[in-house]
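The values are calculated or read from the model by the stated rules, or taken from the named source; none is laboratory data. Worth saying up front: this structure is predicted, and the values here are computed from it rather than measured. Every residue, glycine as well, gets a Cβ built from its backbone with ideal geometry; the counts of neighbours run over all protein chains shown. Just the protein is used for accessible areas: all its heavy atoms, side chains included, with ligands, DNA and RNA removed. Shrake-Rupley method; radii C 1.70, N 1.55, O 1.52, S 1.80 Å.
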Amino acid sequence: MIPVYRIFWITLIVMAYAAVASAQTVFYVEKISETEYIKAEKESLRYNIIPADTIADNDIVSMVLKESQAKFERLDSASQQEIYSFVDSEGFVFNKQRLLYLPELKLYGFVIPNNPFDDSVWWFDAETGKYICSANCPTAINANGVYVSQVGYDCDWPLDLRFFRRDGNIIYEFESYKSYQYGEIIFWQEDSKLSPIFWHNNNMLYLKTYDHQLRGYVYLKIKVQQTVKEILENAMPNRAIRPAPKR
């Protein structure tokens, strides 16, 4: 006879995994006015992490740059030439100009071009200099360590967002949102001084984009809702998570 407590846990696990199987990524997307967008931006400073303007010379930085160069040299010649084709090969040097430093998250990142429209980052622990993984280049980072990246395309970019977070010695993608109704994030407009994308209240993402149905620019507020899968993974010991692919 199976003990009652085992029956309880077996039932709970079966129900949980059934929920996970049917769970979908939940986003609440809302068009908002420019006035609301401006108000949120004024309050957004404490919710966002900005890469450091300057990076001091130290042993960890030297270690990160040395390992980045070693990783690049371990790539096959075709991959190296592909990267050189995206940038000026003479200007592609392993120095601090290609580094990101996020002191709040204790991360250094060496930026590598994926293609002419997109970059990836080799992430390193800022305390040890140890390589963590490769992941998409961040577009906006919130104070809880979650960052979002806009995926690049050669033309007709949809709004294609990938969401990442750090958990110990890995950085992994945990959500994604893609819409062909909206175009890429509007990073530059001559007549606008507003930030094109920022976090507010940690799980609320604000951005400016182009609405193909309305044929005009719009402001969006996107709430990143925790899914059933995330709740289960964060609640269970030794949880299995999907790390960003190593390169």
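Among the candidates Lys223, Lys246, the residue that is surrounded by fewer than 16 Cβ atoms within 10 Å (Cβ to Cβ) and either acidic (Asp, Glu) or at pLDDT below 80 (or both) is uniquely Lys246.
One residue stands out among those in the stretch 152-166 that are farther than 12 Å from Ser179 by Cα and hydrophobic (A, V, I, L, M, F, W, C): the one that is most open to solvent (accessible area, probe 1.4 Å), which is Cys155. Against the numbered list (1) touching a residue at least 12 places away in the same chain (Cβ under 8 Å); (2) within 30 Å of Leu220 (Cβ to Cβ), Leu65 comes up short only at (2). Among residues of the stretch 151-168 that are closer than 19 Å to Asp211 by Cα and modelled with pLDDT of 85 or more, those with a beta-carbon under 7 Å from a residue that is outside any strand (DSSP E or B) and among the aliphatic types (A, V, I, L, M) at least six positions away or on a different chain give the pairs Asp160/Val151.
Note on the stretch 120-165: residues that are of a type in the set (D, E, K, R) and within 13 Å of the chain's Cα centre (by Cα) total 3. In the stretch 77-88, the condition of being over 22 Å from Asp167 (Cα atoms) and of a type in the set (D, E, K, R) is met by at least one residue. Residues that are among the β-branched types (Val, Ile, Thr) number at least 1 in the following strands (runs of 3 or more DSSP E) confined to the stretch 39-129: 107-115, 118-125. Of the candidates Tyr217, Tyr182, the single residue that is touching a Phe, Trp or Tyr at 6+ places or on another chain (Cβ under 8 Å), modelled with pLDDT of 85 or more and either crowded, with 16+ Cβ neighbours inside 10 Å or assigned to a helix (DSSP H, G or I) (or both) is Tyr182.
Just for the stretch 62-76: of the residues that are aliphatic (A, V, I, L, M) and out of contact with any strand residue (DSSP E or B) (no Cβ under 7 Å at 6 or more places or on another chain), which one is nearest to Ile141 (Cα to Cα)?
To start, the set of residues in the stretch 62-76 that are aliphatic (A, V, I, L, M) comprises 63-65, 70, 75.
Subset that is out of contact with any strand residue (DSSP E or B) (no Cβ under 7 Å at 6 or more places or on another chain): 63, 65, 70, 75.
Working: Met63: 25, Leu65: 23, Ala70: 28, Leu75: 29 Å.
Checking each candidate, the answer is Leu65.
Of all residues in the stretch 140-162, none satisfies being touching a Ser or Thr at 6+ places or on another chain (Cβ under 6 Å) and not in a strand (DSSP E or B). Residue pairs whose Cβ atoms lie under 9 Å apart, separated by 6 or more positions or on different chains, with the first residue in the stretch 116-135 and farther than 23 Å from Val87 by Cα and the second open to solvent by less than 20 Å² (accessible area, probe 1.4 Å) and in a loop (DSSP other than H, G, I, E, B), are Ile132/Ala244. Is there a residue in the stretch 202-212 that is surrounded by fewer than 16 Cβ atoms within 10 Å (Cβ to Cβ) and at pLDDT below 85? Yes, the stretch 202-212 has at least one match.
Listed here are the residues, each with its yes/no results for (1) over 26 Å from Tyr172 (Cβ atoms); (2) open to solvent by 60 Å² or more (accessible area, probe 1.4 Å); (3) in contact with a strand residue (DSSP E or B) (Cβ under 7 Å, 6 or more places away or on another chain); (4) of a type in the set (Asp, Glu).
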| position | (1), (2), (3), (4) |
| --- | --- |
| Asp57 | yes, yes, no, yes |
| Ala78 | yes, yes, no, no |
| Ile83 | no, no, yes, no |
| Phe92 | yes, no, no, no |
| Trp122 | no, no, yes, no |
| Glu127 | no, yes, no, yes |
